[in-house]
1. Rounded, prolate or oblate: pick one for chain A, where a ≥ b ≥ c are the square roots of the eigenvalues of its C-alpha gyration tensor, a/c under 1.5 means rounded, and failing that, prolate if a/b is larger than b/c, else oblate.
2. Would you please classify the overall shape of the stretch A:155-197 from the alpha carbon gyration tensor, given that a ≥ b ≥ c denote the square roots of the eigenvalues, rounded means a/c under 1.5, and beyond that prolate means a/b larger than b/c while oblate covers the rest?
3. Buried by at least 50 Å² relative to the chain on its own: which residues of the stretch A:184-218 qualify, computing accessible area with a 1.4 Å probe on protein heavy atoms?
4. Have a look at A:L280, A:P178, B:T36 and report the one farthest towards the positive end of the charge dipole of the protein assembly as shown, computed about the Cα centre with Cβ charges (Lys/Arg +1, Asp/Glu -1).
5. Tell me, what is the per residue accessible area of chain A in Å², probe radius 1.4 Å?
6. With a 1.4 Å probe and all protein chains left in place, how much of the accessible area of the stretch A:524-643 comes from carbon and sulfur atoms, in whole percent?
7. Considering the options A:G195, A:L621, A:S161, tell which one lies farthest towards the positive end of the dipole of chain A, charges being +1 on Lys and Arg and -1 on Asp and Glu at the Cβ, about the Cα centre.
8. Using the Cα centre as the reference, give the magnitude of the dipole from point charges on the C-beta atoms of the stretch B:81-159 (Lys, Arg: +1; Asp, Glu: -1; all else neutral), rounded to the nearest 20 debye.
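The values are calculated or read from the model by the stated rules, or taken from the named source; none is laboratory data. All values reported here derive from a predicted model rather than from experimental measurement. Please note: Cβ atoms are built from the backbone with ideal geometry, for glycine as well, and neighbour counts cover all protein chains shown. Only protein heavy atoms, including side chains, enter the accessible area calculation; ligands, DNA and RNA are left aside. Shrake-Rupley method; radii C 1.70, N 1.55, O 1.52, S 1.80 Å.
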Amino acid sequence: MTERTFSRRDFLLTGAGAGVALVVAVNLPLTDLAAEEARGDAVVGFHPAAWISIDTDGIVSVVVDEHELGQGVLTALPMIVAEELEADWSKMRPLPPPEDPSTWVRTISTGGSTSIRTAWQPLRNAAAAAREMLRTAAAQTWGVDRAECVARNSEIVHQKSGRRLGYGALVEAASRLPVPAAPPLKANKDFTILGKPKPRVEIREKVGGTALYGYDLDLPGMLTAVVARPPAFGAVLKSVDDVAARRVAGVVDVIRIPQGVAVVAKNTWSALEGRKALRLDWDASPAKGLGSEALFAEFQELAKQPGQVTRNIGDAPAALGAAAKVVESEFFSPFMDHIPMEPMNAAALVKDGKVEVWVPTQIATGSQQAAAAVAGVKPGDVKLHSLLAGGAFGRRLSPDDTILAVEVAKRMPGTTVHVVWTREDSIRNGTYRPLTYHRLRGGLDAAGKPVAWMHHVLGAGAGGLVGRGDEVPYAIPNLRAEIHTKKTAIPVGAWRSVHFTHMGWVIETFMDELAVAAGKDPYQFRRDALGNSPKLLACLDLAAEKAGWGKPLPKGVFRGIACASSFASHAAEVAEVSVSPEGRVRVHRVVAAVHVGTVINPDMLQAQVEGAVTLALSYTLKHQITVEDGAVREGNFDDYPIMRMDDMPPVEVYVVPSEDAPTGIGEPPVPPLPPAVCNAIFAATGKRIRRLPIDPKLLRV
Amino acid sequence: MPAITLMVNGRRRTVDALPDTPLLWVLRDELKLKGTKYSCGMSECGACTVHLDGAPVRSCVTPVSMAANRSVTTIEALATTKDARLLALQAAWIADEVPQCGYCQPGMLLQAAGLLAKNAHPSDAEIERWMAGNLCRCGTYSRIKRAIRRAAGTEAATQTTEAGHD
Ligand code: FES
Ligand code: FES
């Protein structure tokens with residue numbers, strides 16, 4: 001990827017709208033994140049751009065070209081600006097990603113827990129530059145030394161005389177000044193906004209029923225469509241009988257598209273009833289034999305042969321041969337769907353060579369490009385309205401929602417068509433976290449130190465999604481990771497914390513096995529091997545301390561511990577678990593400690609950890625996608641269950657204090673949770689969980 | 001199509017709909033009340049919860065004919081309601097910073113209002129049992145529980161980040 005920067009590097013005096021405004025361009029250099037976040041098939045960038053403008057009534061607008069998915073970015077980025085600008089929080093106005101793609105200065109895509117990490121420095125620099133210019137403008141207005149002028153709460157105050165001028169009144173003068181190249185930045189100890197809880201800016205809409213999501217779209221003349229999709233991946237449509245469907249009241253048209261058959265209607269219920277009345281004949285024979293169990297069996301066999309080596313330190317096979325003790329294990333991790341509460345949907349209008357798209361996406365740029373490709377127009381001819389999303393978790397990084405909408409809309413030029421997916425459509429046409437199989441071998445020396453580690457991962461998807469086996473945070477002198485990937489007709493994609501969803505579980509469960517083999521305490525065993533990872537070690541220590549590691553527990557309750565570094569952040573978790581004689585696992589308490597550098601909004605950080613733990617408990621205990629002959633067996637919350645209120649343990653969240661630049665929190669608390677629970681189950685029962693979700697039958701006594 | 005009359009948020013509304021059309025789609029598509037959400041369509045998640053004569057129901061599996069001549073309350077009622085319970089819940093939802101994506105929250109609020117109408121001071125176990133059919137993928141359960149306690153006046157207005165054992 002080439003480096004792109006905001007072209008308007010200087011402050012601009014604009015005469016638009018309300019009049020004069022001080023517009024601060026934010027210069028956003030690309031970082032080396034691209035490589036880090038290569039997401040297999042769908043490589044996308046994660047580079048927020050934003051610009052800040054202060055108008056003459058003192059309102060500070062911040063363009064947040066990241067998608068608000070519930071994680072709070074619409075609040076967090078303006079907080080960074082307000083802090084450095086010394087702005088009154090009530091004057092801040094975050095703006096969602098602009099609709100006109102020609103104003104986008106970079107890829108708009110939200111993932112990889114990068115929103116804050118990449119915006120931090122550029123936003124601070126821009127806001128600090130604006131603050132300094134406002135100070136200079138005030139000093140010049142008053143004819144005083146600028147050193148005597150301080151910025152505070154959207155005003156410049158001349159301390160000696162007590163004179164003050166609001167930012168709005170200074171905008172015009174400030175906008176004529178040169179931009180300071182390296183404005184001073186505030187020290188963490190002087191922060192008044194960052195590190196303090198701030199309610200999300202859209203909270204009123206979200207508790208008043210007025211927040212409108214993609215599914216709620218209502219445009220004049222808009223029609224609603226549902227698409228009958230193949231019953232199995234790769235199934236081919238042989239014939240369509242739509243006579244009965246067309247007779248359903250409200251059905252307007254039935255249209256064949258490459259992905260299936262769309263029923264377009266005046267409202268959702270008519271579309272659904274129309275689809276029910278379709279008689280479709282599919283040939284599912286190409287999907288025969290494609291399934292989860294078949295893949296596991298194939299991978300188990302393949303694991304006997306060497307894979308592609310992705311990391312090789314020392315001589316792991318030799319060290320294994322010389323080890324005093326060897327542990328061997330295998331792990332099975334299924335496909336998973338993201339299942340955000342708002343099912344997939346998108347609307348499109350194709351007219352006169354132009355396309356308009358409305359979609360609750362986390363990847364505006366990818367959606368725009370996909371729409372252009374499907375409609376056969378230039379990306380510049382696509383206008384993209386990014387709508388509020390009812391959760392995403394990586395699912396909306398794939399623009400298949402947009403593609404489906406444009407496929408239908410381009411066959412009905414001039415009509416806006418909203419293609420909505422039912423829950424079943426969404427679950428059965430997902431972009432799943434790939435199924436993986438893992439084979440591990442570890443060696444301990446006579447003193448019980450881990451000296452060899454070999455991990456072979458085999459997965460049904462590209463490497464960025466499967467993982468590389470090199471995510472081990474421990475200092476192990478001989479380590480070899482091998483990978484084997486297989487592309488199948490089952491679509492895969494990024495799931496909250498991507499490959500760490502399974503890598504965290506596998507590595508940390510195996511680490512526990514090594515600790516047991518070494519006769520060491522699992523916490524101490526990890527401590528001893530974390531010499532090169534001081535931040536992760538700090539999390540581990542904090543979690544252990546807060547959980548009371550080693551202290552007595554109520555009868556029948558056992559602890560497990562795990563940790564992982566991912567997406568530049570660090571997290572350790574302790575789970576307290578009991579297992580009933582019937583094999584029912586109950587998690588009583590989760591203690592999480594995270595290291596994310598400087599905390600932006602502690603309340604939202606806590607919410608993100610609570611959410612990540614809930615999501616991780618769901619895939620540890622409850623759900624999986626099972627493919628049989630190319631068909632997804634699950635379809636709704638009844639057979640793809642998630643945590644409920646009465647299943648949820650209390651989650652305690654602790655933060656390792658740090659003044660480092662902030663990193664992300666959306667994904668990093670996910671990976672340690674499954675192994676913490678599974679390790680606690682081992683402590684309780686002596687049984688190792690080798691396959692998720694946990695099968696209670698295997699834990700029955 | 002037959003005309004069906006219902007009282008929605010205090011207003012008499014007449015719609016043309018097949019009698020077995022789920023109330024959810026009548027509210028959303030005909031009456032343009034988009035605050036009531038669709039997520040599962042089979043009574044598994046609670047996103048579509050509304051009140052029918054004051055009690056929570058899943059509108060995705062409630063045929064509109066069942067609501068004929070009855071009173072339906074949706075989340076949009078919050079804008080004008082004088083119902084102290086609903087307003088207290090909404091205020092608590094804000095105080096406890098409950099929503100993440102927010103998609104499940106209209107259903108959560110109406111489900112919770114149904115609880116407080118029957119039981120002004122529910123215990124934690126009663127809250128969990130009553131709310132267990134309402135799913136939140138973002139994981140806001142502990143905050144919902146806290147907000148219900150706050151609205152019921154059974155919780156001191158503090159952030160309880162260090163919850164104890166259950
Ligand atoms: S949409 Fe009605 S219960 Fe889920
Ligand atoms: S807040 Fe997102 S589903 Fe509940």
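1. Values: a/c = 2.02, a/b = 1.15, b/c = 1.76.
Oblate shape, in that a/c is at least 1.5 and b/c is the bigger or equal ratio.
2. Oblate, because a/c is 1.5 or more while a/b does not exceed b/c.
3. When all protein chains are present, A:I203, A:K206, A:V207, A:G209, A:Y213, A:Y215, A:D216, A:D218 each give up 50 Å² or more of accessible surface.
4. B:T36
5. Numbers: 24450 Å² over 701 residues.
Accessible area per residue, chain A: 35 Å².
6. Details: 1840 of 3560 Å².
Within the stretch A:524-643, the accessible surface is 52 percent carbon and sulfur.
7. Highest projection toward the positive end goes to A:L621.
8. Details: 10 positive and 7 negative charges, 18 e Å.
Dipole about the Cα centre, nearest 20: 80 debye.
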